[in-house]
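The numbers here are math on the coordinates, done by the rules we state, and not lab data. Since this is a predicted model, take the numbers as computed values, not measurements. Heads up, the Cβs are rebuilt from the backbone with ideal geometry, glycines too, and the neighbour counts pull from every protein chain shown.
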């Protein structure tokens, strides 16, 4: 099996995919006056803040472990090791899961039903354009070790 040396060949930075979906939804709400979530402001703030905090914790747990172990966080840079400990025992994609939780929190905070409707499209885009490329790269780089990890740990939750 030939080893890849140049990363996962991800075309767009994953945070940009989330931000684009969120911005499109919020802009749609504002410009076209689309329906809103309709949550009371206090509930909206609590749910939104809770989701953002949870997302930040999950994302930073994943990114922090990558940083401590000295492997690339950026998906188009080469991975120097396979990380399977910490939060990676429960999800293969904590940073993307965290970004999804942050997306939900911001959408709720902005009362943006349109953003929440766009979230599945964002997740499909992340799955097909980012995660699929990363997984192919990791399988090519780490072989059977990564395949075994994939069988043990779910992609999202």
Region 7-36: number of residues that are more than 22 Å from residue 109 (Cα to Cα) and part of a helix (DSSP H, G or I): 0
Hits in region 60-78 - residues which are surrounded by fewer than 20 Cβ atoms within 10 Å (Cβ to Cβ), closer than 22 Å to residue 152 by Cβ and touching a residue at least 24 places away in the same chain (Cβ under 8 Å): 61, 63
Some residue of region 8-21 being crowded, with 16+ Cβ neighbours inside 10 Å and over 20 Å from residue 128 (Cβ atoms): no
Considering residues of region 102-141 that are touching a helix residue (DSSP H, G or I) at 6+ places or on another chain (Cβ under 8 Å) and over 23 Å from residue 35 (Cβ atoms) only, the residue surrounded by the most Cβ atoms within 10 Å (Cβ to Cβ): 126
Residue count, region 120-134 (criterion: more than 11 Å from residue 17 (Cβ to Cβ) and touching a residue at least 40 places away in the same chain (Cβ under 8 Å)): 2
Considering residues of region 24-59 that are within 21 Å of the chain's Cα centre (by Cα) and surrounded by fewer than 15 Cβ atoms within 10 Å (Cβ to Cβ) only, the residue nearest to residue 75 (Cα to Cα): 57
